[in-house]
Amino acid sequence: MASSECQSKPLQVSPNLQLWRRNDSSPKSREPLVLLFCWLNAKPRAIGKYCSVYHNRGMDVVSIRSEASHFLWPTKSLALCEELFVYILKYHASQPLLVHSFSIGSFVYSVAALDMIKKSSRYGLIRQHICGQIFDSIVAGSLNHMSTGLVKTATHNTIAQTLLRNSINGYFALTHNHTVKFYNRAIRTCHRDIPNVPTLVFYSLDDPMCDFEAVNDLESSWKSRHMDVTVQCWDKSIHAGHLKEHPEEYLSTLDTFLKKLACAKSAL
(Lines give C-alpha, C1' and ligand atoms only; values in the text may rest on other atoms or scores of the structure.)
Protein backbone atom coordinates (compact mmCIF):
# COMPACT_ATOMS: atom_id res chain seq x y z
CA MET A 1 0.00 0.00 0.00
CA ALA A 2 1.56 3.29 -1.09
CA SER A 3 1.54 6.26 1.26
CA SER A 4 -1.13 8.90 0.76
CA GLU A 5 -2.08 12.26 2.17
CA CYS A 6 -3.31 12.27 5.77
CA GLN A 7 -7.07 12.89 5.77
CA SER A 8 -7.30 14.38 9.25
CA LYS A 9 -5.90 17.68 10.48
CA PRO A 10 -3.53 17.55 13.44
CA LEU A 11 -4.38 18.93 16.85
CA GLN A 12 -1.71 21.41 17.96
CA VAL A 13 -0.81 20.24 21.46
CA SER A 14 2.08 22.71 21.76
CA PRO A 15 4.45 24.50 19.35
CA ASN A 16 6.42 21.26 18.86
CA LEU A 17 3.82 18.55 19.52
CA GLN A 18 0.92 17.58 17.28
CA LEU A 19 -1.66 14.81 17.65
CA TRP A 20 -2.67 13.20 14.35
CA ARG A 21 -5.80 11.23 15.20
CA ARG A 22 -7.67 8.89 12.86
CA ASN A 23 -11.21 9.93 11.98
CA ASP A 24 -12.56 6.79 13.68
CA SER A 25 -10.19 6.92 16.65
CA SER A 26 -11.48 6.35 20.17
CA PRO A 27 -10.24 8.51 23.07
CA LYS A 28 -9.67 5.26 25.03
CA SER A 29 -7.90 3.47 22.20
CA ARG A 30 -5.75 0.46 23.12
CA GLU A 31 -3.82 0.47 19.86
CA PRO A 32 -0.24 1.74 20.04
CA LEU A 33 0.31 5.46 19.93
CA VAL A 34 3.14 6.26 17.54
CA LEU A 35 5.69 8.80 18.77
CA LEU A 36 7.14 10.28 15.58
CA PHE A 37 10.42 12.08 16.34
CA CYS A 38 10.77 14.12 13.15
CA TRP A 39 13.80 15.21 11.18
CA LEU A 40 14.85 18.86 11.23
CA ASN A 41 12.59 21.27 9.35
CA ALA A 42 10.06 18.53 8.62
CA LYS A 43 7.11 19.96 6.68
CA PRO A 44 3.54 19.14 7.81
CA ARG A 45 2.74 17.53 4.45
CA ALA A 46 5.74 15.19 4.72
CA ILE A 47 4.88 14.32 8.33
CA GLY A 48 1.31 13.70 7.19
CA LYS A 49 2.43 10.97 4.77
CA TYR A 50 3.90 8.95 7.63
CA CYS A 51 0.83 9.61 9.75
CA SER A 52 -1.27 8.25 6.89
CA VAL A 53 0.85 5.09 6.87
CA TYR A 54 0.08 4.54 10.55
CA HIS A 55 -3.56 5.59 10.29
CA ASN A 56 -3.99 2.92 7.61
CA ARG A 57 -2.65 0.46 10.18
CA GLY A 58 -5.02 1.56 12.94
CA MET A 59 -2.71 3.82 14.95
CA ASP A 60 -2.77 7.47 16.00
CA VAL A 61 0.40 9.55 15.93
CA VAL A 62 2.03 12.26 18.02
CA SER A 63 4.67 14.12 16.03
CA ILE A 64 7.58 15.74 17.85
CA ARG A 65 9.18 18.48 15.75
CA SER A 66 12.72 19.40 16.70
CA GLU A 67 14.60 22.53 15.71
CA ALA A 68 18.31 23.23 15.34
CA SER A 69 18.31 24.76 18.82
CA HIS A 70 17.27 21.42 20.33
CA PHE A 71 20.49 19.93 19.01
CA LEU A 72 22.77 22.92 19.63
CA TRP A 73 21.61 23.35 23.23
CA PRO A 74 20.61 19.89 24.54
CA THR A 75 18.78 21.17 27.61
CA LYS A 76 16.12 22.37 25.14
CA SER A 77 15.75 18.75 24.00
CA LEU A 78 15.27 17.77 27.64
CA ALA A 79 12.54 20.38 28.02
CA LEU A 80 10.85 19.08 24.85
CA CYS A 81 10.97 15.51 26.15
CA GLU A 82 9.54 16.55 29.51
CA GLU A 83 6.71 18.30 27.66
CA LEU A 84 6.04 15.09 25.74
CA PHE A 85 6.11 12.97 28.90
CA VAL A 86 3.63 15.21 30.71
CA TYR A 87 1.28 15.03 27.73
CA ILE A 88 1.52 11.22 27.48
CA LEU A 89 0.90 10.71 31.21
CA LYS A 90 -2.11 13.02 31.11
CA TYR A 91 -3.83 11.73 27.97
CA HIS A 92 -2.28 8.37 26.95
CA ALA A 93 -0.99 6.83 30.18
CA SER A 94 -2.43 3.38 29.47
CA GLN A 95 -1.55 3.13 25.78
CA PRO A 96 1.32 1.11 24.32
CA LEU A 97 3.89 3.29 22.56
CA LEU A 98 5.71 2.74 19.27
CA VAL A 99 8.67 5.04 18.64
CA HIS A 100 9.60 6.05 15.08
CA SER A 101 12.56 8.45 15.00
CA PHE A 102 14.13 10.09 11.97
CA SER A 103 17.59 11.56 11.45
CA ILE A 104 18.56 13.86 14.33
CA GLY A 105 15.14 13.09 15.82
CA SER A 106 16.86 9.89 16.98
CA PHE A 107 19.12 12.11 19.11
CA VAL A 108 16.02 13.60 20.75
CA TYR A 109 14.71 10.09 21.38
CA SER A 110 18.05 9.17 22.98
CA VAL A 111 17.68 12.22 25.23
CA ALA A 112 14.18 11.00 26.12
CA ALA A 113 15.53 7.53 26.94
CA LEU A 114 18.22 9.09 29.12
CA ASP A 115 15.66 11.21 30.96
CA MET A 116 13.32 8.25 31.50
CA ILE A 117 16.16 6.38 33.21
CA LYS A 118 17.29 9.37 35.26
CA LYS A 119 13.73 10.11 36.44
CA SER A 120 12.41 6.57 36.54
CA SER A 121 10.10 7.25 39.47
CA ARG A 122 8.29 9.87 37.40
CA TYR A 123 8.59 8.55 33.83
CA GLY A 124 9.35 4.84 34.23
CA LEU A 125 5.78 3.95 33.22
CA ILE A 126 6.33 5.54 29.81
CA ARG A 127 9.45 3.47 29.23
CA GLN A 128 7.57 0.31 30.22
CA HIS A 129 4.88 1.05 27.63
CA ILE A 130 7.32 1.31 24.69
CA CYS A 131 6.66 -1.87 22.71
CA GLY A 132 8.82 -1.22 19.64
CA GLN A 133 11.17 1.35 18.11
CA ILE A 134 12.20 2.35 14.59
CA PHE A 135 15.35 4.26 13.69
CA ASP A 136 14.91 5.80 10.24
CA SER A 137 18.00 7.45 8.67
CA ILE A 138 19.63 7.63 12.07
CA VAL A 139 22.49 10.14 12.21
CA ALA A 140 25.01 7.66 13.53
CA GLY A 141 28.71 8.08 14.13
CA SER A 142 30.76 10.92 15.52
CA LEU A 143 29.70 14.38 16.55
CA ASN A 144 30.92 15.40 13.11
CA HIS A 145 28.19 13.28 11.52
CA MET A 146 25.58 14.99 13.66
CA SER A 147 26.85 18.47 12.77
CA THR A 148 26.99 17.44 9.09
CA GLY A 149 23.33 16.52 9.33
CA LEU A 150 22.52 19.91 10.79
CA VAL A 151 24.56 21.77 8.15
CA LYS A 152 23.09 19.88 5.20
CA THR A 153 19.60 20.52 6.49
CA ALA A 154 20.29 24.25 6.88
CA THR A 155 21.63 24.96 3.38
CA HIS A 156 22.54 23.31 0.07
CA ASN A 157 25.24 25.89 -0.71
CA THR A 158 28.64 24.17 -0.31
CA ILE A 159 30.47 27.38 0.66
CA ALA A 160 27.83 28.22 3.25
CA GLN A 161 28.00 24.63 4.52
CA THR A 162 31.76 24.94 5.10
CA LEU A 163 31.37 28.24 6.94
CA LEU A 164 28.52 26.94 9.04
CA ARG A 165 30.37 23.71 9.89
CA ASN A 166 33.41 25.71 11.06
CA SER A 167 31.16 27.92 13.16
CA ILE A 168 29.44 24.91 14.74
CA ASN A 169 32.77 23.24 15.51
CA GLY A 170 33.95 26.45 17.19
CA TYR A 171 30.69 26.61 19.14
CA PHE A 172 31.16 23.03 20.35
CA ALA A 173 34.71 23.83 21.47
CA LEU A 174 33.41 26.74 23.55
CA THR A 175 30.46 24.85 25.02
CA HIS A 176 32.07 21.43 25.41
CA ASN A 177 30.82 20.76 28.95
CA HIS A 178 27.22 21.64 28.04
CA THR A 179 27.04 20.08 24.57
CA VAL A 180 29.72 17.54 23.64
CA LYS A 181 29.61 15.75 26.99
CA PHE A 182 25.82 15.56 26.68
CA TYR A 183 26.04 14.16 23.13
CA ASN A 184 28.44 11.49 24.31
CA ARG A 185 26.02 10.48 27.09
CA ALA A 186 23.18 10.31 24.56
CA ILE A 187 25.28 8.10 22.24
CA ARG A 188 26.14 5.78 25.14
CA THR A 189 22.45 5.62 26.06
CA CYS A 190 21.58 4.65 22.50
CA HIS A 191 24.08 1.79 22.68
CA ARG A 192 23.40 0.54 26.20
CA ASP A 193 20.13 1.76 27.63
CA ILE A 194 17.39 2.20 25.07
CA PRO A 195 14.39 -0.06 25.78
CA ASN A 196 14.99 -3.75 25.02
CA VAL A 197 12.12 -4.11 22.57
CA PRO A 198 11.92 -5.16 18.90
CA THR A 199 13.87 -2.62 16.87
CA LEU A 200 13.86 -1.76 13.16
CA VAL A 201 16.57 0.26 11.41
CA PHE A 202 16.21 1.88 7.97
CA TYR A 203 19.33 3.36 6.37
CA SER A 204 21.36 3.52 3.14
CA LEU A 205 25.06 3.13 2.37
CA ASP A 206 25.21 6.40 0.43
CA ASP A 207 23.83 8.54 3.29
CA PRO A 208 26.51 11.16 4.15
CA MET A 209 24.91 11.71 7.56
CA CYS A 210 25.12 8.07 8.56
CA ASP A 211 28.31 6.09 9.12
CA PHE A 212 27.36 2.52 8.24
CA GLU A 213 30.12 1.19 10.51
CA ALA A 214 28.52 3.09 13.40
CA VAL A 215 25.17 1.50 12.54
CA ASN A 216 26.85 -1.92 12.58
CA ASP A 217 28.32 -1.09 16.00
CA LEU A 218 24.87 -0.12 17.26
CA GLU A 219 23.39 -3.35 15.92
CA SER A 220 26.16 -5.35 17.64
CA SER A 221 25.57 -3.51 20.94
CA TRP A 222 21.84 -4.18 20.78
CA LYS A 223 22.23 -7.83 19.87
CA SER A 224 24.67 -8.27 22.77
CA ARG A 225 21.71 -7.26 24.94
CA HIS A 226 19.62 -9.95 23.17
CA MET A 227 17.46 -7.38 21.43
CA ASP A 228 15.39 -8.37 18.39
CA VAL A 229 16.89 -6.17 15.64
CA THR A 230 15.78 -5.92 12.00
CA VAL A 231 17.88 -3.91 9.53
CA GLN A 232 16.75 -2.73 6.10
CA CYS A 233 19.64 -1.20 4.16
CA TRP A 234 19.71 0.12 0.60
CA ASP A 235 22.78 0.86 -1.52
CA LYS A 236 21.20 4.12 -2.67
CA SER A 237 18.36 6.10 -1.17
CA ILE A 238 17.45 9.51 0.26
CA HIS A 239 18.12 10.62 3.82
CA ALA A 240 14.78 10.55 5.69
CA GLY A 241 13.17 9.72 2.35
CA HIS A 242 13.26 5.92 2.13
CA LEU A 243 9.45 5.72 2.04
CA LYS A 244 9.39 7.95 -1.04
CA GLU A 245 12.36 6.24 -2.73
CA HIS A 246 11.49 2.60 -1.94
CA PRO A 247 7.78 2.57 -1.01
CA GLU A 248 6.97 -1.12 -1.57
CA GLU A 249 10.03 -2.49 0.20
CA TYR A 250 9.73 0.08 3.00
CA LEU A 251 6.09 -0.72 3.75
CA SER A 252 6.60 -4.47 3.42
CA THR A 253 9.48 -4.33 5.93
CA LEU A 254 7.43 -2.13 8.25
CA ASP A 255 4.43 -4.48 8.16
CA THR A 256 6.59 -7.53 8.84
CA PHE A 257 8.10 -5.69 11.81
CA LEU A 258 4.73 -4.57 13.18
CA LYS A 259 3.50 -8.17 13.17
CA LYS A 260 6.23 -8.94 15.73
CA LEU A 261 4.76 -6.47 18.19
CA ALA A 262 2.13 -7.89 20.49
CA CYS A 263 0.89 -4.36 21.12
CA ALA A 264 0.22 -3.74 17.41
CA LYS A 265 -1.53 -6.97 16.46
CA SER A 266 -4.99 -5.73 17.34
CA ALA A 267 -4.46 -2.71 15.10
CA LEU A 268 -3.36 -4.65 11.99
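If packing is taken as the average number of other Cβ atoms within 10 Å across a peptide's residues, how do 158-169, 240-251 rank, most packed first?
Numbers: 158-169: 13.2, 240-251: 17.3.
The peptides rank, most packed first, as 240-251, 158-169.
With every protein chain left in place, what is the accessible area of VAL197 in Å² (1.4 Å probe, nearest 10)?
Its accessible surface works out to 20 Å², give or take rounding.
For the stretch 2-105, give the share of DSSP beta bridges that are antiparallel, in percent and rounded to the nearest 5; count only bridges with both residues there. All intermediate terms of the calculation are to be shown ahead of the outcome.
Numbers: 7 of 17 bridges.
DSSP beta bridges in the stretch 2-105 are roughly 40 percent antiparallel.
Under 5 Å between amide hydrogens, which residues at least 5 positions from VAL99 or on another chain qualify, with H placed 1.01 Å from N in the peptide plane?
The answer is LEU35, CYS131, GLY132, GLN133, ILE134.
Let me know the shape class of the stretch 1-126, please: from the alpha-carbon gyration tensor, a ≥ b ≥ c as square roots of the eigenvalues, rounded when a/c is under 1.5, otherwise prolate if a/b is greater than b/c, or oblate.
The shape class here is oblate.
In terms of the Cα gyration tensor, with a ≥ b ≥ c the square roots of its eigenvalues, is the chain rounded because a/c is under 1.5, prolate because a/b exceeds b/c, or oblate?
Working: a/c = 1.43, a/b = 1.30, b/c = 1.10.
In terms of gyration-tensor shape, rounded.
Give me a comma-separated list of calculated 3J(HN,Hα) values for the stretch 168-180, in order, Karplus coefficients 6.51, -1.76, 1.60 applied at θ = phi - 60°, integers in Hz, x for any Gly or Pro.
Taking θ as phi minus 60°, the curve returns 5, 4, x, 4, 5, 5, 6, 10, 3, 5, 9, 10, 4 Hz for the stretch 168-180.
If you count only protein heavy atoms and use a 1.4 Å probe, how large is the accessible surface of ASP217, to the nearest 10 Å²?
90 Å²
The values are calculated or read from the model by the stated rules, or taken from the named source; none is laboratory data. Worth saying up front: this structure is predicted, and the values here are computed from it rather than measured. Quick reminder, even Gly has a Cβ in these numbers, built from the backbone with ideal geometry, and neighbours come from all protein chains shown. For the accessible areas, the whole protein counts, side chains as well, though only heavy atoms, and no ligand, DNA or RNA atoms are used. Shrake-Rupley method; radii C 1.70, N 1.55, O 1.52, S 1.80 Å.
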